[in-house]
Amino acid sequence: MFEEGQFERPTIAISSLDIGDVQVLLKLTHSLDNLEFWNRTPVELSPVCAEWMDMTRDAFGKSGPNEALTRITLNNLLIFAHHFVTSQPSTTSSDMNMNDLNLNAEGLWRYGPVMHKDTKHDLVGRPDYSLWYGNEEDVAVSVVVVETKGVESVTSGVSQTLGYMGCVHRRRKDLQKKDATVYGVVSDGQCWWFLKINNDSEWSEYIITARHGNYKEVVGILVHMFRTAATMSPAQSEGTSLQTHSKEASAESYMGFDEEAVEDDDEEEF
């Protein structure tokens with residue numbers, strides 16, 4: 001939890017950054033070489049989840065695409081993918097405690113410092129969802145999800161998600177973790193942008209559509225992401241954590257998470 005007066009650096013809202021800003025501030029480069037999301041095995045929704053999705057579309061059928069429908073769709077698919085993975089422990093790491101893999105929503109994140117106009121700043125924002133596989137000390141976040149308001153806001157949604165991912169990635173690199181890979185999802189409920197930052201600070205994207213309730217490919221990629229998170233369990237990375245925590249005090253960067261804090265009205269816009 002953030003304490004009053006804990007920070008002195010000025011802040012920049014992650015939502016105000018474009019993709020170029022994110023790449024510069026968080027030292028990322030774009031790559032076209034990643035094929036990880038291609039040809040993932042589709043996953044059928046369970047009968048219960050499929051029925052619930054049909055009920056949702058029927059209930060909102062005459063209102064057209066809207067933020068509420070998008071949020072319900074994301075809720076349903078993320079919960080189903082989480083249940084699909086955690087209910088089949090034989091497909092994940094034998095060291096993984098399924099209770100460690102959990103979804104979080106809308107906590108305030110703060111990472112810094114980054115240099116802007118020759119001054120150190122912190123980046124702050126509130127992602128819609130994040131998937132955790134461990135504790136905050138290890139920055140054990142593997143997937144960040146941001147809801148968009150429609151196709152017209154996709155670019156800002158991608159840059160915002162990449163910003164959150166980049167903060168996690170950069171902090172994990174600073175702590176010299178074994179693997180600083182982070183995934184991201186941006187969606188308006190019909191179009192889906194899947195993002196990845198690999199351990200070499202290269203980010204890539206994969207785009208699919210899920211019109212008319214055809215979510216099999218979407219869920220297949222979500223399940224892949226969640227299973228990958230399960231293999232990044234704290235038990236597997238414990239040796240690295242023990243070796244690097246002694247260096248943490250000297251690491252200049254900081255990343256904090258607070259579910260109760262509100263965003264600062266004095267945040268700078270880029």
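Summary of computed values
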quantity: Residue match in the stretch 8-16 (condition: open to solvent by less than 40 Å² (accessible area, probe 1.4 Å), within 22 Å of PHE226 (Cα to Cα) and touching a residue at least 60 places away in the same chain (Cβ under 8 Å)); calculated: no
quantity: Residue list for the stretch 31-41, filter: open to solvent by 80 Å² or more (accessible area, probe 1.4 Å) and either touching a residue at least 12 places away in the same chain (Cβ under 8 Å) or more than 25 Å from ASP200 (Cβ to Cβ) (or both); calculated: LEU32, ASP33, TRP38, ARG40, THR41
quantity: Residue that is modelled with the highest pLDDT, among those in the stretch 42-67 that are aliphatic (A, V, I, L, M) and open to solvent by 50 Å² or more (accessible area, probe 1.4 Å); calculated: VAL48
quantity: Residues of the stretch 159-182 classified as touching an Asp or Glu at 6+ places or on another chain (Cβ under 7 Å) and either under 17 Å from ALA230 (Cβ atoms) or in a helix (DSSP H, G or I) (or both), total; calculated: 1
quantity: Residue, modelled with the highest pLDDT, within the stretch 201-215, restricted to residues that are more than 16 Å from VAL158 (Cα to Cα) and of a type in the set (Ser, Thr, Tyr); calculated: SER201
quantity: Selected residue (only one of VAL158, VAL154, VAL182 is crowded, with 23+ Cβ neighbours inside 10 Å and aliphatic (A, V, I, L, M)); calculated: VAL182
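The values are calculated or read from the model by the stated rules, or taken from the named source; none is laboratory data. Because the structure is predicted, anything quoted here is derived from the model rather than measured. Reconstructed Cβ throughout: ideal geometry from the backbone, glycine too, with neighbour counts over all protein chains shown. Remember, those area values only see protein heavy atoms, side chains included, never the ligands or the DNA or RNA. Shrake-Rupley method; radii C 1.70, N 1.55, O 1.52, S 1.80 Å.
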